[in-house]
Every structure is written in C-alpha cells, then in structure tokens.
1. Every residue in segment 31-40 that is closer than 15 Å to ARG88 by Cα and outside any loop (DSSP other than H, G, I, E, B), please.
2. Scan ALA315, ALA296, ALA249 and give me the residue that is aliphatic (A, V, I, L, M), in the same structural domain as LEU359 (by TED's automatic domain parsing), surrounded by fewer than 16 Cβ atoms within 10 Å (Cβ to Cβ) and over 21 Å from GLY337 (Cβ atoms).
3. Just for segment 357-368: of the residues that are buried (at least 22 other Cβ atoms within 10 Å of the Cβ) and touching a residue at least 60 places away in the same chain (Cβ under 8 Å), which one is nearest to ILE399 (Cα to Cα)?
4. Which condition breaks for GLY394 when tested against (1) surrounded by 13 or more Cβ atoms within 10 Å (Cβ to Cβ); (2) of a type outside the set (Lys, Arg); (3) in a loop (DSSP other than H, G, I, E, B)?
5. So if I check each of ALA196, ALA183, which one is farther than 26 Å from GLU109 by Cβ and in contact (Cβ under 8 Å) with a residue 12 or more places away in the chain?
6. State all residues of segment 86-117 that are hydroxyl-bearing (Ser, Thr, Tyr) and in contact (Cβ under 8 Å) with a residue 40 or more places away in the chain; if no residue qualifies, say none.
7. Considering only segment 313-345, state which residues are in contact with a strand residue (DSSP E or B) (Cβ under 8 Å, 6 or more places away or on another chain) and assigned to a loop (DSSP other than H, G, I, E, B).
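The values are calculated or read from the model by the stated rules, or taken from the named source; none is laboratory data. Please read these numbers as outputs of a predicted model, since none were measured by experiment. Neighbour counts run over all protein chains shown; Cβ positions are idealised from the backbone, glycine included.
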Amino acid sequence: MTPRDPRAAGDPTLSVAAGRDLVALVGRLVRDRSWDTLTALFGSLAGEEGLPSAALGDLDAAARLVADALGSMAAPKNPRGAQADELRALCLAVAEALLDRCARPPLTEIERRALERAAQLLERAADHRRAALAYEDLGADERAALAWGALGDLDRMEAAHAREERRLATARAAGETLRRFEALLTGGERLRAVIAAAAISGIEEAATLRERAAAIERRLCRGRAVSLRAPGGPWVRVAPLPAEIGRDADVGVPLRDPAVSRRHATLRSSPEGIVIEDCGSRAGVRLGGARLEPGAALPLRGEGEIALGASTALAFRPAPAPSQVLIVEVTRGLDRGARALVGPAPVPLGPGLAGAEGLSIQILHDILRLERPAELAVRVDGQFIGPACDLLHGDLIEIPARGVRFEVA
C-alpha cells in the first residue's frame, strides 16, 4: 500500500526519505519549525498505511526531537488559538505513531521508552484519558493518577493511587528480603537465603536473584557425609552417625569394590559407643574374624579391622579423647588409603585434617554445615562466616590465623 502524502501541499519525496532516514528528516523539519509537515509525516507513519521501514527505535528518536523542541518552547499565549491547535495536532500525530508500534503492555525496553514518550505527548495534547491508560500499561500509576485527576475522574485517580501504594509496599518488602538474602549469604546461612529468595518479587532484580539462588541450591552439600581435603592432600570423608558403608555413592563411607553391597553395613551410636550392623549384605561383615549375624550389632572398641566380604577391609581406631570420633581407613580393596571420620554430630575435623582443630561438621535439614568456635575466624568462599555455614560443593574453607585451607568436594 502506498503511504499517504506527508506534505499538505504534496511532496512524495518525503515519504521515500522518511523510509531511508527518518531521524535526519525530522531533525531538519524541527529546525525549520515545519509543524504542519511534521504532523502529516507522523500521520503517515501510523496505522496500516505507515511506512514499514520506520523501526520503533528510529521512530522514538524522531519523536524525542519533536518532544524536546516543544518542551523548549513557551506555551502559546492563547490556549485555544491556531498555534495551540497546531502543536496539539502534532503531539497527537507523534503519539499515535508511537502507540501504533508498541505492544500493550510493553514487552521490551524500547517499547517502554516509546510508550512513555507517547503518554507524555498525549498529556501535552490534553488527551488525559489515553495518557492515563498508557501510564497504567507502563505500571506508572502515580503518573496515571495525575492524568485521571486532570480529567476529573476521581474514582480512577484514587484507584491508581491505591495501586501505587501497593506497588511501593511490595517493593519495600522485596528490598528488605533482598537485604536479608545478602546478609544470610554473608553469614553462611545459604539454605535460608535460598528460601528467602523464593519469596522475592516486585523488584527488577527478582528473576536474576532467583537464578542465583537456584545455582546455590544445586551446589548445597546434602545427605549424610561430605569430603574435605587440604589442597593437594588426600580426601577425608566426614560422616555423622548413623553412617552407612557400601557401594552406593550417597552412603557415609562409599566404596567401589563390586563385591561390596550397595548398603553393606551401618555404623551408629549406642549406649556402648559406636556399633556396627550388617545391612543384609551378600558377602557379610566380619569384625576381628567373627561374622556378624544379620540384625546383630557389635561395638567397635579400641583398634580393629572390619572385613566386608573377601576383598575389602577397613581399619578403625578411636580419635584422641575427649572426641568420640572413629577414624576409619581402607586397608584392603579398590579404595585402599581412603579415610573417614565417623562419629556423633557435630563431628570434629581436627582428628583427620591438620589445622582444622575447633571446626566440626553438623547436619541440619539434610544439609552439611561447617561450625566454628566464636574465637576462630573462618572464611568460606571468600566470606567471613557466622557461627555456622551451609557447605556448597566446591567451597574453599580458610582459617587465616593458621594459614590453612580446605576444599569441599
């Protein structure tokens, strides 16, 4: 379809030029104060007959030139005179061209900018109803309230004020939650931070924050055990009781030997200390050469050896008092040399990691947590933590005063 002629007198070259360089053309017409020609030009850009080559970004830039020029002019002395009518018609034509290219509500930043400019031009043209509706589409309810007030629609003005109050209250609450989220992260309360992030809405950062929280949640150390080591050293498994031994990757003391059952034996606390039970394994459990009967529990006193079938054996010994930790080391099998600290939570790390004295591992809501004494400053993932910290896979634990570091698997 051929665009309408933008000049009152008729100049088809302007339609062609507008398609090629709308901003330059509008700039020249603004400098010449050719208001009637500008009105016709923007009129040709609206509706089905609009120039298809005028992108919204170019249209908004051209509209800004007109808005800036009108904003720098003194208001016409006669608001009902010919000049006022001419400028009003120009504002409406520019606003119509912008509205024709914008989704309602706007989906992109350029659409938001263009729709806001259209609303301002509608206000200038005293089309307060359409200005108010455009501001509502933008979520700018305070501006919408002013426009409804100028129109004399007090009910809609009050409704817009009420929406703005609710928006501000939501934004304040979201801001408080955001500050709480950051404080919880800094203190090491990562699970609570993830839960707090799920409640955040009403601020621009909400989506990004939820993505950040989801990444943290994926890295949380869940389950019944965690592996730690000094950089370059051997891994030490830390398993609060009850702790299972077996081929399943999720057990407290995992082993790779195919002769070991997925859940072969269990270590647990009892009035007699730490005891071991056979979980109904195929190859059986022997303690000091004596085979455990299914369902029976034998205490692990002093030092000794646990045999899991014919090919895997674990030596155990108690950590120095007053710790109730049992130090377990694989002495035969595919995992020979692997070590574990097993004991009632919180499990102290000192018996298995030099320099970690005072630190311990606790379990809370299926999350492995590092605990520290009040007098010992500890950094996790570069942040000084509070009394405890939910561990993430890949964390680096640092004790600056001792110059030691530990990695989390």
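1. Let us first name the residues in segment 31-40 that are closer than 15 Å to ARG88 by Cα, namely 33-40.
Passing the criteria: TRP35, ASP36, THR37, LEU38, THR39, ALA40.
2. Details: ALA315 fails: over 21 Å from GLY337 (Cβ atoms); ALA249 fails: over 21 Å from GLY337 (Cβ atoms).
Going through ALA315, ALA296, ALA249 in turn, the sole match is ALA296.
3. ILE361
4. (1)
5. Numbers: ALA183 fails: in contact (Cβ under 8 Å) with a residue 12 or more places away in the chain.
Only one candidate passes the filter, namely ALA196.
6. Narrowing segment 86-117 to residues hydroxyl-bearing (Ser, Thr, Tyr): 108.
Those that are hydroxyl-bearing (Ser, Thr, Tyr) and in contact (Cβ under 8 Å) with a residue 40 or more places away in the chain: none in segment 86-117.
7. Residues satisfying the conditions are ALA319, SER323, GLN324, VAL325, GLY333, LEU334, ASP335, ARG336, GLY337, ALA338, PRO344, ALA345.
Listed here are the residues, each with its yes/no results for (1) at pLDDT 95 or above; (2) under 22 Å from LEU59 (Cβ atoms); (3) assigned by TED's automatic domain parsing to the domain that holds ALA54; (4) among the aliphatic types (A, V, I, L, M).
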position	(1), (2), (3), (4)
PRO106	no, yes, yes, no
ALA114	yes, yes, yes, yes
GLU123	yes, yes, yes, no
HIS128	yes, no, yes, no
TYR135	yes, yes, yes, no
ASP141	yes, no, yes, no
ALA145	yes, no, yes, yes
